[in-house]
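What follows is one structure encoded as structure tokens, with my remarks underneath.
The values are calculated or read from the model by the stated rules, or taken from the named source; none is laboratory data. Computed from a predicted model, the values in this text were never measured in an experiment. Don't worry about glycine lacking a Cβ; one is built from the backbone with ideal geometry, like all the others, and counts go over all protein chains shown. Just the protein is used for accessible areas: all its heavy atoms, side chains included, with ligands, DNA and RNA removed. Shrake-Rupley method; radii C 1.70, N 1.55, O 1.52, S 1.80 Å.
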Protein chains: 2
Amino acid sequence: MKATIITIGDEILIGQIIDTNSAYIAKALDRIGVEVKEMLSISDDRKAILDTFASLQNKVELVVITGGLGPTKDDVTKKTICDYFEDTLVRNVEVELHVVALIEKALQRKASQMNIDQALVPSKATVLHNEVGTAPGMWLKKENTVFVSLPGVPYEMKYLVDYLVVPKIVSEYERPFIIHKTVLTYGQGESLVAERIEQWEDDLPNFVSLAYLPAPGRVRLRLTARGKDKQFLEAALHDLLASLQNLIGDIIVGFDEEETLEVVVGRMLVQKNRTIATAESCTGGKIAQLIASVPGASGYYKGSIVAYATAMKIKLLEVRPETIEQHSVVSGEVAKEMAVNAQKIFQTDYAIATTGNAGPAKGDSEASVGSVFIALATPNGVLVEAFNFGQPREKVIDRAVTKSLEMMQKEILKNV
Amino acid sequence: MKATIITIGDEILIGQIIDTNSAYIAKALDRIGVEVKEMLSISDDRKAILDTFASLQNKVELVVITGGLGPTKDDVTKKTICDYFEDTLVRNVEVELHVVALIEKALQRKASQMNIDQALVPSKATVLHNEVGTAPGMWLKKENTVFVSLPGVPYEMKYLVDYLVVPKIVSEYERPFIIHKTVLTYGQGESLVAERIEQWEDDLPNFVSLAYLPAPGRVRLRLTARGKDKQFLEAALHDLLASLQNLIGDIIVGFDEEETLEVVVGRMLVQKNRTIATAESCTGGKIAQLIASVPGASGYYKGSIVAYATAMKIKLLEVRPETIEQHSVVSGEVAKEMAVNAQKIFQTDYAIATTGNAGPAKGDSEASVGSVFIALATPNGVLVEAFNFGQPREKVIDRAVTKSLEMMQKEILKNV
């Protein structure tokens, strides 16, 4: 089964918002063996929508559309769907009751005409009942192509995809199995990794494909197998991963598709029964937030002190005023005291600390913009590294956070 | 000038990564009056690329392509561009010297054959020299359409867009002016706002369009004006915003396109000369991180204590053990003590505190998954609110963070 995902909305075409809906839908479809051939973002414009629908008719079996279902005048999707299906809008009683009840409960006022009009749906549509919002999803079929229209609000779209669209596809269509395995490597660049596995890559069977997903300092390798026989595919991937492990086991740090550095660090801490805390300045709590974002973090993560102001570094993290005077607040010495003291305060095995100047203006220090010091207190002592991440602010913070997680990953891996 | 943006890569079509490049490029083009008609994400596949190029030929004047320029075998863009332009790859000496020097400097090894091959470019291409990476950008023209191919690594793409692509378009093409103004409203739903401004919307001149961008609790209104005369457009938008202010001034909280809640809160704190700190449990530092992400935050943000473990709430935030025993660690009473004590510890005017159970498993408390208490200490006392944000973990954390920022925004607005 082949599919195209369409996002409708000018706010995407002018770059005002980033389309995250398409990736969510793609992942959900991929998981059930539906192959997404293309994603399109098009204008809130009748002609653009009609032309796009016509160009996909009978080319793919499934078109999933998000956006353009709200109650206001700039939302044209529903009327245009009617035109495309030569249909008319009819009032759906069930949707109307739901909309009226939801508005009264959530907003404590009567539903307006605009709200009630959300219960108008094309007569040929199967309504996908939206329990978590007012705009219903719609499922319409023309010849060999199903068009599914969903609201653009992410949690409403997610609800409809997970509870209605995916189950309906699974029960009504046959699909092949698609299995992905992602190998997370650390410490070597894309071309070096490619050279080390060149022969292995050349020998891949034709039902398996390989993609490289590089990021600073690491490369993910994604293997995709397609076919009818799930067990056969799984066995084949299992063997391929084993041979890959023989070739580049020294740089492989994880295997999961979703695996981020904070997940890898979290798993290592659980395995080694170790705990961690953070003491942040320029990263402002972002390391804390990433560590805490992992389910089960409460087992190894004790907490953080974000000492943004210099006075708070002294008061809460017990950095000595002399150290700040002698070396400035953005220095390796201050980072070191922050890390060691956080380790003591939180009584953890590890503590990571950052101090730097993310810009755009200079803060409490004369350090140049982009300058960051990271210290990691471990059971065996403390490591300090100095960086300059340049500009802008966002990049400095992001790279300081990534570097911190990389330092943790490397060090925790070494220790028992 | 009309444009289409294409992202090439299977990792996008399976939802493994979210395409953020297209939004960046769209915003850069929009700013210089280039109208993006469509965004496409397509497969790393020769035929898909050729078909897409052919379908856009002479339909738009500009096609910007990202992805598929890396050194490894899954990257086919460059060869396919050659095929489309009936061209051959030739070695570019300048690029080769740059690649060799960059690899030696950054990785302290000799450039491999794969690295050096990145200096192969179609003979008809104008090379866009990539100072920050190894894959060069390329600019090729066929009949009325320019094809610009850029690497997919975001900071390399951004460098080429900002320093080479945009300046080249500006110097070589005439474009109309496009001006956007975004109005941030707070507290009323999309349909209610629409009703209040219905007549105003009907009376909009034909060179101005309006879009509604709803999010929980707030609606952004985006006005777009297009034309040849920049001053005329600016004056027209100025008048329209003034009449909008008369209609719905009570719910307008800001005017900037990029305005997020943390930016609004930051500006209010600066204006009122107030300071803030956070004491977080279930949000794990995310509120801290958002506050700190705003340039100039060091003027009003003192810091945070992320007390993830219960013991740390007692030790660092001085929450009384009796309060935890009587009410459990996930309770309004604990949130209240966290906020009030953080206000004292950091000596700030405001302090926001969160305690909750983000799931999936129950932590140090018997509170149900999704249960969150938020307290805001202000100069006039402390507010506590109770929520249940359901599941999953990610949504609970995100909604708790948004709610916290909304509480701050509302309260700081009220106070002098």
For this session: Report, as a whole number in µm² per second, the diffusion coefficient that Stokes-Einstein gives for the stretch B:62-152 at 10 °C and 1.306 mPa s using the Kirkwood radius over alpha carbon pairs.
Result: 119 µm²/s
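Explain nothing, just the number: relative contact order of chain B, from Cα pairs under 8 Å at least 6 residues apart, as a whole percent.
Details: 772 pairs, mean separation 41.4, N = 416.
The normalised contact order for chain B reaches 10 percent.
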Problem set entry | Per-residue HN-Hα couplings for the stretch A:189-200 [Karplus 6.51, -1.76, 1.60; θ = phi - 60°; Hz; x = Gly/Pro] | x, 3, 6, 5, 4, 4, 5, 5, 10, 4, 5, 4
Problem set entry | Label-point gap, in nm, between B:Gln347 and A:Thr260 - each point 7 angstrom along Cα→Cβ | 3.6 nm
Problem set entry | Accessible area (Å², per residue) of the stretch B:261-415, counting only protein heavy atoms and a probe of 1.4 Å | 37 Å²
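Just the number, please: carbon plus sulfur as a percent of the accessible area of the stretch B:1-90, 1.4 Å probe, no ligands or DNA/RNA counted. Numbers along the way, then the final one.
Values: 1540 of 3060 Å².
The nonpolar share, carbon plus sulfur, comes to 50 percent.
About its Cα centre, what dipole magnitude does chain A give when the only charges are +1 on Lys and Arg Cβ and -1 on Asp and Glu Cβ, stated in debye to the nearest 20? Walk me through the numbers on the way to the answer.
On the way: 45 positive and 54 negative charges, 147 e Å.
For this selection, approximately 700 debye.
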Exercise. To the nearest 20 debye, what is the magnitude of the charge dipole of the stretch B:11-105 about its Cα centre, counting +1 on the Cβ of each Lys and Arg and -1 on the Cβ of each Asp and Glu?
Worked result: 80 debye
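Could you tell me the total accessible area buried at the A-B interface, probe 1.4 Å, in square angstrom to the nearest hundred? Write down the numbers at each step before the final one.
Working: alone 20500 and 20500 Å², together 34350 Å².
Its buried surface, counting both partners, is about 6600 Å².
Using 0.36 nm per residue of separation minus the Cα-Cα distance, give me the extension gain between A:Glu366 and A:Glu385 in nm, one decimal. List each step's numbers first, then the result.
Values: separation 19, 0.36 × 19 = 6.84 nm, distance 1.86 nm.
Working it through step by step, the gained length comes to 5.0 nm.
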Problem set entry | Candidates per GluC sites (Glu not before Pro) in the stretch B:22-105, loop by DSSP, up to 14 other Cβ within 10 Å | B:Glu86
Problem set entry | Cα-based convex hull, chain B, per residue volume (Å³, whole number) | 189 Å³
For this session: Take the Cα coordinates of the stretch A:177-255, assign each an equal point scatterer, and use the Debye formula without solvent to give log10 I(q)/I(0) at q = 0.16, 0.24 Å⁻¹.
Result: -0.55, -1.17
Problem set entry | Kirkwood Rh and Cα Rg combined as Rg over Rh, evaluated for the protein assembly as shown | 0.95
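Counting only other chains, and only Cβ atoms inside 10 Å, what mean value do you get across the residues of A:192-199?
Mean partner-chain Cβ count within 10 Å for A:192-199: 3.
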Seminar exercise, completed: For the stretch B:281-297, Karplus-derived ³J(HN,Hα) couplings (6.51, -1.76, 1.60; θ = phi - 60°; whole Hz; x for glycine and proline) come out as 10, 5, 7, x, x, 6, 5, 3, 5, 5, 4, 6, 6, 8, x, x, 4
Seminar exercise, completed: Here the relative contact order (percent) of the stretch A:261-415, from C-alpha pairs under 8 Å and at least 6 apart, is 24 percent
Problem set entry | Of all accessible heavy-atom area on the stretch A:219-291, the percent that carbon and sulfur account for (1.4 Å) | 50 percent
Problem set entry | Over 30 Å (Cα to Cα) - which of A:Lys59/B:Lys158; A:Lys315/B:Lys395; A:Lys410/B:Lys79; A:Lys2/B:Lys124; A:Lys37/B:Lys79; B:Lys228/B:Lys410 fall in this group | A:Lys59/B:Lys158; A:Lys315/B:Lys395; A:Lys410/B:Lys79; A:Lys2/B:Lys124; B:Lys228/B:Lys410
For this session: From the P(r) of the stretch B:2-172, can you give the percent of Cα pairs sitting at distances over 23 Å?
Result: 36 percent
For this session: List the residues of the stretch B:14-28 that lose 10 Å² or more of accessible area once all protein chains are present, compared with their chain alone (1.4 Å probe, heavy atoms only, no ligands or nucleic acids).
Result: B:Ile14, B:Gly15, B:Gln16, B:Ile17, B:Ile18, B:Asp19, B:Thr20, B:Ala23, B:Ala26, B:Lys27
Exercise. Using 7 Å Cα-to-Cβ label points, what is the A:Val132/B:Glu131 separation (nm, one decimal)?
Worked result: 4.5 nm
Seminar exercise, completed: Amide H proximity to B:Thr185 below 5 Å, modelled H, separation 5+ or other chain, gives B:Val219, B:Arg220, B:Leu221, B:Val253
Problem set entry | Interchain or long-range residues, amide H under 5 Å from A:Gly390's placed H | none
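In deg cm²/dmol, rounded to 500, what helix-only [θ] at 222 nm does the protein assembly as shown give when every DSSP H run of at least 4 residues adds -39500 (n - 2.57) and the total is split over its residues?
Rounded to the nearest 500, it is -11500 deg cm²/dmol.
Would you mind estimating how fast the stretch B:231-379 diffuses translationally, via Stokes-Einstein at 20 °C and 1.002 mPa s with the Kirkwood radius over Cα pairs, in µm²/s?
Details: Rh = 17.1 Å.
Estimated diffusion coefficient is 125 µm²/s.
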For this session: Using label points projected 7 Å from each Cα along Cα→Cβ, tell me how many nm separate B:Arg109 and B:Gln271, to one decimal.
Result: 5.6 nm
Exercise. Under a no-solvent Debye model with one identical scatterer per Cα of the stretch A:13-80, what's log10 I(q)/I(0) at q = 0.16, 0.24, 0.28 Å⁻¹?
Worked result: -0.64, -1.25, -1.37
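With every protein chain kept in place and ligands, DNA and RNA left out, what is the accessible area per residue of the stretch A:2-172? Probe 1.4 Å, answer in Å². Each step should come with its number before you reach the end.
On the way: 6890 Å² over 171 residues.
In whole numbers, the stretch A:2-172 has 40 Å² accessible per residue.
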Seminar exercise, completed: Any DSSP H helix in chain B with Cα axial reach of 15 Å or more and mean Kyte-Doolittle score of at least -0.5? Listed by number, the hits are B:21-31, B:46-56, B:93-107, B:230-248, B:261-272, B:332-346
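Could you work out how much longer the chain between B:Ser243 and B:Phe177 gets when fully extended? Use 0.36 nm per residue separation minus the Cα distance between them, nm to one decimal. If you can, show how the numbers build up before the last one.
Values: separation 66, 0.36 × 66 = 23.76 nm, distance 2.28 nm.
Stretched fully, the B:Ser243-B:Phe177 segment lengthens by 21.5 nm.
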Exercise. If contacts are Cα pairs under 8 angstrom and at least 6 residues apart, what is the relative contact order of the stretch B:53-113 in percent?
Worked result: 15 percent
For this session: Name the residues of the stretch B:259-304, by number, that are at least 50 Å² less accessible with every protein chain in place than in the isolated chain; the surface is that of heavy atoms, probe 1.4 Å, without ligands or nucleic acids.
Result: B:Gln289, B:Ala292, B:Lys302
Exercise. Where does each of B:Asp250, A:Asp44 land when they are ordered by accessible area, with a 1.4 Å probe and the largest first?
Worked result: B:Asp250, A:Asp44
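Kindly work out what percent of the DSSP beta bridges joining two residues of the stretch A:2-172 are antiparallel, to the nearest 5. Don't skip to the answer; put the middle values down first.
On the way: 11 of 28 bridges.
Expressed as a percentage, antiparallel bridges in the stretch A:2-172 total about 40.
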Seminar exercise, completed: Amide H proximity to A:Val36 below 5 Å, modelled H, separation 5+ or other chain, gives A:Ala3
Exercise. Which percent of the accessible heavy-atom area of the stretch B:99-203 goes to carbon and sulfur, probe 1.4 angstrom?
Worked result: 51 percent
For this session: Express in Å², to the nearest 10, the accessible area of A:Leu240 obtained by rolling a 1.4 Å probe over the protein heavy atoms while all chains stay in place.
Result: 30 Å²
Exercise. How large is ³J(HN,Hα), in whole Hz, for each residue of the stretch B:298-309 in order, when computed from phi with the Karplus curve 6.51 cos²θ - 1.76 cosθ + 1.60 and θ = phi - 60°, using x for Gly and Pro?
Worked result: 5, x, 9, 9, 8, x, 8, 10, 9, 9, 6, 7
For this session: Kindly report the accessible area of the stretch A:177-255 per residue (heavy atoms of protein chains, probe 1.4 Å, no ligands, DNA or RNA), in Å².
Result: 47 Å²
